[in-house]
Structures are given as structure tokens and as C-alpha cells.
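Notes follow once the structure below has been shown.
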There are 2 protein chains.
Amino acid sequence: MEHLNTQALRDLLEVGVSLSSETRLDRLLDNVLEKVRKIIDADAGTLYVKEGNKLRFAASQNDTLQTRVSAVERGNPLLNMTFPISKKSLSGYAAVTGEILRIRDAYEIKKSEPYGFDRSFDKKNNYRTRSVLCVPLKDREGQVIGVLQLINNYNKQGKVVPFSEFHVELVRSFASQAAVALTNSQLTEDLLDSYYDTVSRLAVVAEYKDKSTAMHIKRMGMYAQTLSYQLGFSQEDAECLLYAAPMHDIGKVGIPDAVLMKPGKLTAAERKVIETHPQIGAKILEGSKSELIKTSRVIAMTHHEKWNGTGYPQQIKGKKIPLVGRIAALTDVFDALSTSRCYKNAFDMERVLGIMRSEKGQHFCPTVMEAFESALDEILSTYDRLYLKAEAKTKKLKIKK
Amino acid sequence: MEHLNTQALRDLLEVGVSLSSETRLDRLLDNVLEKVRKIIDADAGTLYVKEGNKLRFAASQNDTLQTRVSAVERGNPLLNMTFPISKKSLSGYAAVTGEILRIRDAYEIKKSEPYGFDRSFDKKNNYRTRSVLCVPLKDREGQVIGVLQLINNYNKQGKVVPFSEFHVELVRSFASQAAVALTNSQLTEDLLDSYYDTVSRLAVVAEYKDKSTAMHIKRMGMYAQTLSYQLGFSQEDAECLLYAAPMHDIGKVGIPDAVLMKPGKLTAAERKVIETHPQIGAKILEGSKSELIKTSRVIAMTHHEKWNGTGYPQQIKGKKIPLVGRIAALTDVFDALSTSRCYKNAFDMERVLGIMRSEKGQHFCPTVMEAFESALDEILSTYDRLYLKAEAKTKKLKIKK
């Protein structure tokens, strides 16, 4: 066991701290690689992330060639490059077997070894790879999730020497910290995905109830996203609306077919039944930690409220109606007017816009209506793509039959 | 900056490695606390986890008092004890403000400070707390999720001295690593929860379609869990069945009310429509990473298959039917026979068991039927609790009205 100088120790501690404070995984991995190279004095190194059967370059640094590639620098061609995992390469061998590889000289690997060294990078860049250290990154179940590879260890005289046993211990600690950061980032992504998963399964259910729903909810999502950008929402919040707005009518799964699909006029009693769908939707979506499902719940509950207070179920008015509900109210009506339903044909766009404009300050929040006017080109292009063209295609298919 | 001796450095590296390899959070936190105390030479220490407005003892060690409390030792009274967070205590102050506290002597804190030291533990245990170091654990958003507190730092002469600036740097690194492990564990739990969340939202939807479903799916889950224990499933897998079995009929949300709720006999065409519900269910539940939802999908798809190959939709037979599907097939029939439905009264238990037994090797897998016989007491006690008593209660309520 060797000693670390003061700076090396400081670097080691600093990596530990950055682990919980650096929010961007790419920067964190870049930082881990930089610090471990500095402490050990390795000329070059790469941090690979395993993705299915491939390894992806997540960070790569080479002092001699003065290159530094990380996900932070988006322009670099090496960035996010992947290659299939094979036991024949050094990093591939570590990834497949989960073993640590310590190579004295990459050019003198015995033919009897299962792995070898590909000199093409060296030739192309006039580089000479000698000592190599490959340490797999593993998750808690012991599965390999990446590889940390270091190249050319300098001794104090500036000569390239093999990596030592001590280096292996050091690098294992760094690799473990990188592995935890990776796992963490993957879990965070999985968690977000799982909420989108919930919403999309509910959407599948809604589609079974009403076949025309599929395209309607897609358009609703797109329109709502467009308006929320126009209203200054962040990209994250606008994307949330893209998936939350389609949940507005999920409560209709709780309305009996006889009422929901009645062809003629509804009686007052039937209307009352239909008008429970916001509360049913809110009930289906209640009590979640996720922003997506919370927003979906608000939209389900408030998309039939009107700016002037004559909507339902709460008859709230003006800014008391949550903004996302006001957005969904407008896009829902726009879609109802501009498309054909079982009870009506699609109105032409002039008529649609006439009705929409007359409802500014009545049914619709004036600010949202203004955003709608400003974003009209984009709205109409979505309408063209997700309604007119889609309808034309369906008709063609029907004629062919 | 000071130096670390060889063993201290080894300990530091070892914590990094355990971070990605130790699967149990309690052991990991205990290990972090032990190593940091050893490296710094602190007599005592506690790792608190923040839970809402409280701090929970996750690990606690005191060399002088020769106590060691961690979640690993289940018997200990301190274990998992919580107390409300208050700015007046040292750990509370660190938790509220996110600041690091370094105290020379806990008994000489100025009255002007917002925090103070509670001597009751010392008095009770004849201990003397002097130097204290409190470092908050933070997640990536900078939110405090715990506190690492160390007490009484020994110098080389065995005298208690204040913690140094260098100790602060060391402890921050350890605290960060503990924070990442905590976050990781929380994320893993949230992810599992989110899949249960999906299933329970779908169950709410199913209930709207058919009010009698709520108790039926609860019983289905309980019966399936009982049988899976009997068949040697692990606790985790049996719990999975508890939540997955209730998803068997989720596909019915896609069947029109007119067919699903028809009072009389179904026509052949209507029967065909009903018999699509396994595929609809499988479609709603397809393509998940989660064991729970994958199992739910298998159950939805196969709970109407029969051991002798005369079921639907695939007419598979024997062990080609997944075991979880064979379990759900049996429990579904048992519940249908033993409870009253809109089309029939509940049969008495003798008749139910007679029918069940006659179907062994016909409708039902013989092994699952044997498990049912062996677990009959438990099954009947669930039946009593979730059917007979529940029905009696409902009837009482109806009479009161």
C-alpha cells in the first residue's frame, strides 16, 4: 500500500462529495475520470457505459493527444459512440467477465489470452498504448453496468510503468462510486418512465371505451404542449402537458355505455351522469407523488370549467381555474369543433375560429386564447398532420377494402 | 491538510467499494459510520435519516459505552427511534439549516447560539460529550435527507480534542457517499411503489365498470397469495401475486356494457366478445419492465385456460399454462361459486368444494388443487372475513336505511 499526497487525498474526497451534489451524470463521470487519472497519473482513460450488448463512450480523456471527450462537449464525434461488446477487446473482456484486467504492455499480450489489443486507434493517432487497467463498474446485484479503463501509468520519473496493486484498489473505489451514480441516474429515469407508463396504460383503457379517442388524445397533448410553450412553460413542464392533457377524459371509463354513447339528445338526468366524469377522473388519478399524474388529475378535474364560472363540476371562475385546466378546456373545444364526431361533422376552420374567438373571456381564459392565436400556425400544422392527413389515409384504406 | 495512514486510506477506499456492492442499506450505513469513526478516531457517532419532520436513528455507535445500534440489530430499543426535528438540538440544527456544525465542547455552547446540547443522555449513561461534528446528508437537489454526527475526537495521546478542518473534509465525503446510498434506496422503493400504483389505478378503473369487483379482486389476491405460499413461492413472489391476481379481469373494461351486464343467456356471438377480455387485459398490461405488471399480464392472458386444454383464448393445456395462470384459474372459480353474483346465489361450501374437487385434473391443475386443499383453513378464514362478514355488514347497513 502506498501513500497519497495531500492533493491526491483532497481529490479523492472531492469525488465523494461531487457524488451527491453534481446533478448532471455526464459531468460527474467526466469528473470521476479526471480525478482518478490525476491521482494515479495515468495519461489516458475512458469510462464506458454498458447499454444492452454495447459499450458507450461516456467520457474519454488523453493528455498526450490533448483530447477530452465527455458528454459535456456535445460536438465531439466520439461522444456517445457505441461498439458491440466482445470478449476479444480489453474493455469488452472486463464487461463480459466482470474481472479486473491489469496489462503490463498492450503490445505484448500473449496469443493464448482470450483478449487482445486493437492497435488501429494508436496507428491513426501516432500513440503508443503500454500499460492498461480495466475495472468493471457493477451494480448491487453484481451486474456489470460499465467499464473504467486507464492507460499508461507514469512513475515519478515520467516513465510509463505498469499499474500497481494499490492502483487497483484506488480505481475500484472510484469505479464503485461511478457505478452508484450511474445506477442512481438510471433509477431516476426508470421512475419517471414508470409514471408515463401508468398514464399510457390508462390511455389504452380509455381507447377501448371509445375508439375515436386515440387520435383525439394525441392531438390534445400536442395542442396543449404548443400552448404551454407559448405561455412560457419550461421544456419539462410543456412535456408534462403533452402527456397529462390526454388524461382529461379518463373519467369517462366510469360512465355507462348507454349514456356515453347515446346517439340522440341526453335527458337532464343523463347529463348529470356525464358531468361526473371530471370527479371520476380525479379519483382515478388521486394521491400520486409524480408531477405528471398530479397535473393529469388537475386537468381531469377542471377541463370543463369555464372562465366566466358557468362550467362544471365546481363552477369556479377566472384564475381560480388552474392554468393547465384552462389550457385543456380550450384545446378540448378546439378539437371538438374542428373534427367530426359521431354526433356532428367537422366545421370548417373559419367557423371554428369564429366560435373560438367569440368565447374569449367567456368560455376561455383570454391569456390562453391569445397564446392560441399566436401559436395558430403550429396548431394548424398539427391539425393538418394529425387530423386531415390521418383522416384521408383512413378513407383511402376504406375505399381499397 | 493532514495525511492518512495506510489503514485509514484502505478504509476510505473500502467504503467507496461497499457503496455499490452492499445490498442492504442498514449494513451499508453502519459500515460508513464505523469506517469514518475509525479513520478520524471519534469515540461515538450517529447516522440519522430524515423522515418527514423527524430524524430516525439509522445507525449509532459508542466505543466507551460499548454500544452499537444499527438497523442490523433488530432487538435494540434505540433502533429506528425517531424524534421531531428542532433547530434547538445540534443534529436538528444541521438538518434544518443544511449547515455543518463543529463544536469544541458541547457543554460550553454560548447561550446566544440558536442551538444547544441536551445533557440527559450523558447523565443517564454517565458519559461526557465534548467535541461534536454534525454534517448534513444532502441529495442532488440540495435537500437534507439525514445527518452524520460524530462525538469526541481523540488525538494520538488519547485526549479528546476538537474535530479539525481536515475532519470536516473527510466527513463530508463520507456523508455524501451515505447520501447517495440513501437516495438510491429511496429511488428503488419509489420505483417498486410506482408499479403498485399503476396496478391500483387500473383496479379503480375496473371498479367503476363493475361495482361488485372491489371485494372480488381483494379476495382473489388473498387466495392467490395463500396458494403461492403453499406452493413454495418466496415472500416477494407471493406478495407479487397478491397484487397481480386482481388484474385478471382488467380486460373487461374493453367489453361493451350491453354484453358484460346482460342479465339473460349470452348468444354465441356475445360469448365470443366476452372471451376477448384476456387479450384486452394482456394488451393493457404489455411491455413492462416490472415483475408485478409482467405477472399481471400473464394472469390476465391465461386465467381462463383449463388444465385439460378446453379453456380460452389459446386452449393451451397442462404445464403449458403458466403456474400463476393456473392459480388464478382456480381462485377465480372458487370465488365465483362461493359468492353471489348478479346471475346466481352463493352456493353452500359443501357444494362449492364438491364442484372444485370434481374439476381436479379437468379444469384445475392437480398440484394447485392439492395446495388449495392443504391451505383450506386459511382460505376459508379469508372467505369468512372478506365475504361472509362483509356481506352481513352490507345487509345491516341496508336494513338501517
Query raised in the report: Within the stretch B:346-366, is even one residue surrounded by fewer than 17 Cβ atoms within 10 Å (Cβ to Cβ) and closer than 22 Å to residue B:237 by Cα?
Result: yes
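For the stretch B:267-281, which positions are surrounded by 14 or more Cβ atoms within 10 Å (Cβ to Cβ), in a helix (DSSP H, G or I) and of a type outside the set (D, E, K, R)? Walk me through how you get there before you give the answer.
So in the stretch B:267-281, the residues surrounded by 14 or more Cβ atoms within 10 Å (Cβ to Cβ) come out as B:270, B:273-281.
Of the ones still in play, those that are also in a helix (DSSP H, G or I) are B:270, B:273-274, B:277-281.
Those that are surrounded by 14 or more Cβ atoms within 10 Å (Cβ to Cβ), in a helix (DSSP H, G or I) and of a type outside the set (D, E, K, R): B:273, B:274, B:277, B:278, B:279, B:280, B:281.
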Query raised in the report: Just wondering, is there one or more residues in the stretch B:193-209 that are among the acidic types (Asp, Glu) and more than 10 Å from chain A (Cβ to nearest Cβ)?
Result: no
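For the subset of the stretch A:129-157 comprising residues that are at the interface with chain B (Cβ under 10 Å from one of its Cβ atoms), within 18 Å of residue A:57 (Cα to Cα) and not charged (D, E, K, R), which member is least open to solvent (accessible area, probe 1.4 Å)? Show your work before the answer.
Let us first name the residues in the stretch A:129-157 that are at the interface with chain B (Cβ under 10 Å from one of its Cβ atoms), namely A:137-142, A:145.
Narrowing further to those that are within 18 Å of residue A:57 (Cα to Cα): A:137-138, A:145.
Filter again for not charged (D, E, K, R), leaving A:137, A:145.
Working: A:137: 1, A:145: 35 Å².
Per the criteria, the residue is A:137.
Residues checked against (1) open to solvent by 70 Å² or more (accessible area, probe 1.4 Å); (2) more than 22 Å from residue A:142 (Cβ to Cβ):
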residue: A:24; (1), (2): yes, yes
residue: A:29; (1), (2): no, no
residue: A:34; (1), (2): no, yes
residue: A:37; (1), (2): no, yes
residue: A:43; (1), (2): no, yes
residue: A:49; (1), (2): no, no
residue: A:57; (1), (2): no, yes
residue: A:65; (1), (2): no, yes
Query raised in the report: So how many residues does the stretch A:250-261 have that are outside any helix (DSSP H, G or I) and either away from every other protein chain (no Cβ under 12 Å) or among the β-branched types (Val, Ile, Thr) (or both)?
Result: 1
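Can you tell me which residue within the stretch B:158-167, out of those that are more than 10 Å from every other protein chain (Cβ to nearest Cβ) and either more than 21 Å from residue A:12 (Cα to Cα) or in contact (Cβ under 8 Å) with a residue 40 or more places away in the chain (or both), is least open to solvent (accessible area, probe 1.4 Å)?
Kept after step one, since they are more than 10 Å from every other protein chain (Cβ to nearest Cβ), are these residues of the stretch B:158-167: B:158-165, B:167.
After this cut, where a residue has to be either more than 21 Å from residue A:12 (Cα to Cα) or in contact (Cβ under 8 Å) with a residue 40 or more places away in the chain (or both) as well, the list is B:158-164, B:167.
Values: B:158: 52, B:159: 133, B:160: 42, B:161: 36, B:162: 47, B:163: 4, B:164: 27, B:167: 20 Å².
Ranking the candidates gives B:163 first.
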**Report entry** Elements of type helices (runs of 4 or more DSSP H) contained in the stretch A:345-391, each with 2 or more residues being over 30 Å from the mean Cα position of the chain (by Cα) and closer than 20 Å to residue A:216 by Cα
**Finding:** A:349-358
Report summary line: How many residues of the stretch B:287-304 are modelled with pLDDT of 95 or more and within 10 Å of chain A (Cβ to nearest Cβ)? The answer is 1
Report task. Sort out which residues of the stretch B:96-128 are open to solvent by less than 100 Å² (accessible area, probe 1.4 Å), touching a residue at least 60 places away in the same chain (Cβ under 8 Å) and more than 29 Å from residue A:24 (Cα to Cα), and write them in order of number. Result -> B:125, B:127
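It is to be established whether one or more residues within the stretch B:213-231 are within 14 Å of another protein chain (Cβ to nearest Cβ) and either touching a helix residue (DSSP H, G or I) at 6+ places or on another chain (Cβ under 6 Å) or closer than 20 Å to residue A:260 by Cβ (or both).
We begin by selecting, within the stretch B:213-231, every residue within 14 Å of another protein chain (Cβ to nearest Cβ); these are B:213-214.
From what is left, the residues that are either touching a helix residue (DSSP H, G or I) at 6+ places or on another chain (Cβ under 6 Å) or closer than 20 Å to residue A:260 by Cβ (or both) are B:213-214.
Looking through the stretch B:213-231, at least one residue is within 14 Å of another protein chain (Cβ to nearest Cβ) and either touching a helix residue (DSSP H, G or I) at 6+ places or on another chain (Cβ under 6 Å) or closer than 20 Å to residue A:260 by Cβ (or both).
Would you point out which residue out of B:141, B:165 is at pLDDT 90 or above and out of contact with any helix residue (DSSP H, G or I) (no Cβ under 9 Å at 6 or more places or on another chain)?
Values: B:141 fails: at pLDDT 90 or above.
Matching residue, one of B:141, B:165: B:165.
Which one of B:264, B:251 is more than 18 Å from the chain's Cα centre (by Cα), among the small types (Gly, Ala, Ser) and open to solvent by 20 Å² or more (accessible area, probe 1.4 Å)? It would help to see each step written out before you state the result.
On the way: B:251 fails: open to solvent by 20 Å² or more (accessible area, probe 1.4 Å).
Every option except B:264 fails the conditions.
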Query raised in the report: Of the residues that sit in the stretch B:329-345 and are surrounded by fewer than 13 Cβ atoms within 10 Å (Cβ to Cβ) and touching a residue at least 60 places away in the same chain (Cβ under 8 Å), which one is nearest to residue B:388 (Cα to Cα)?
Result: B:341
**Report entry** Criterion: of a type in the set (Asp, Glu) and under 19 Å from residue A:248 (Cα atoms) - qualifying residue of A:335, A:384
**Finding:** A:335
Report task. Output the residues belonging to the stretch B:170-190 that are open to solvent by 20 Å² or more (accessible area, probe 1.4 Å), facing chain A (nearest Cβ under 7 Å) and in contact (Cβ under 8 Å) with a residue 12 or more places away in the chain. Result -> B:172, B:183
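Considering only residues that are touching a residue at least 60 places away in the same chain (Cβ under 8 Å) and open to solvent by 70 Å² or more (accessible area, probe 1.4 Å), which ones fall in the stretch B:214-248?
Restricting attention to the stretch B:214-248, the residues satisfying the condition of being touching a residue at least 60 places away in the same chain (Cβ under 8 Å) are B:215-216, B:218-220, B:222-224, B:226-231, B:241, B:244-245, B:248.
Of everything in the stretch B:214-248, those that are touching a residue at least 60 places away in the same chain (Cβ under 8 Å) and open to solvent by 70 Å² or more (accessible area, probe 1.4 Å) turn out to be B:218, B:229, B:230.
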Report summary line: Among residues of the stretch A:196-219 being assigned by TED's automatic domain parsing to the domain that holds residue A:292 and in contact with a Phe, Trp or Tyr (Cβ under 9 Å, 6 or more places away or on another chain), the residue modelled with the lowest pLDDT is A:215
**Report entry** Close pairs from the stretch A:289-310: first farther than 16 Å from residue A:239 by Cβ and open to solvent by 40 Å² or more (accessible area, probe 1.4 Å), partner among the aliphatic types (A, V, I, L, M) and part of a helix (DSSP H, G or I), Cβ under 6 Å, at least 6 apart
**Finding:** A:297/A:282
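Determine if the stretch B:346-369 includes at least one residue that is among the polar types (S, T, N, Q), under 15 Å from residue B:225 (Cβ atoms) and in contact (Cβ under 8 Å) with a residue 60 or more places away in the chain. Steps first, please.
Filtering the stretch B:346-369 down to residues among the polar types (S, T, N, Q) leaves B:358, B:362, B:367.
Okay, now just the ones that are also under 15 Å from residue B:225 (Cβ atoms), so none.
Within the stretch B:346-369, none of the residues are among the polar types (S, T, N, Q), under 15 Å from residue B:225 (Cβ atoms) and in contact (Cβ under 8 Å) with a residue 60 or more places away in the chain.
The values are calculated or read from the model by the stated rules, or taken from the named source; none is laboratory data. For clarity, every value in this text was computed on a predicted model and none was experimentally measured. All Cβ positions, glycine included, derive from the backbone under ideal geometry; neighbour counts span all protein chains shown. Please note that ligands, DNA and RNA were not included when accessible areas were found on the heavy atoms of the full protein model with its side chains. Shrake-Rupley method; radii C 1.70, N 1.55, O 1.52, S 1.80 Å.
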